[in-house]
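In what follows, a structure is listed as structure tokens, so that the remarks can point back to it.
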Amino acid sequence: MNEDRVKVRSGEETFVHMMHTNGNYATLCGLDGDDPDGSVDQETLPLPITHTVPIDCPDCKDIYCLCLEYNRTDFVKTTLT
Ligand SMILES: [Zn+2]
């Protein structure tokens with residue numbers, strides 16, 4: 001239900017983000033989440049299983065809006081499956 005999003009507390013702020021696209025970050029906007037490095041003050045928090053939670057991260061929203069400006073034809077065909 002919420003598999004495509006992740007809730008992360010970063011310092012004093014907590015937002016629901018879009019999921020990362022690679023294994024290095026927890027969020028699309030580049031937060032580490034539960035990074036074992038003790039200097040990262042972030043943690044991934046559970047999301048409810050009963051309903052879908054809206055994404056409220058402003059950085060993820062900016063990335064999403066930027067991507068809307070592109071079409072499939074903007075990409076090399078071999079990068080799209
Ligand atoms: Zn985000």
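The values are calculated or read from the model by the stated rules, or taken from the named source; none is laboratory data. Quick caveat: nothing in here was measured; it's all calculated off a predicted structure. Cβ atoms come from the backbone with ideal geometry, glycine included; neighbour counts cover every protein chain shown.
Quick notes
- When residue 18 is tested against (1) modelled with pLDDT of 95 or more; (2) among the hydrophobic types (A, V, I, L, M, F, W, C); (3) part of a loop (DSSP other than H, G, I, E, B), only condition (3) is not met.
- Segment 42-62, residues that are of a type in the set (Ser, Thr, Tyr) and in a strand (DSSP E or B): 44
- Flag for residue 27 being on the phi < 0 side of the Ramachandran plot and surrounded by 10 or more Cβ atoms within 10 Å (Cβ to Cβ): yes
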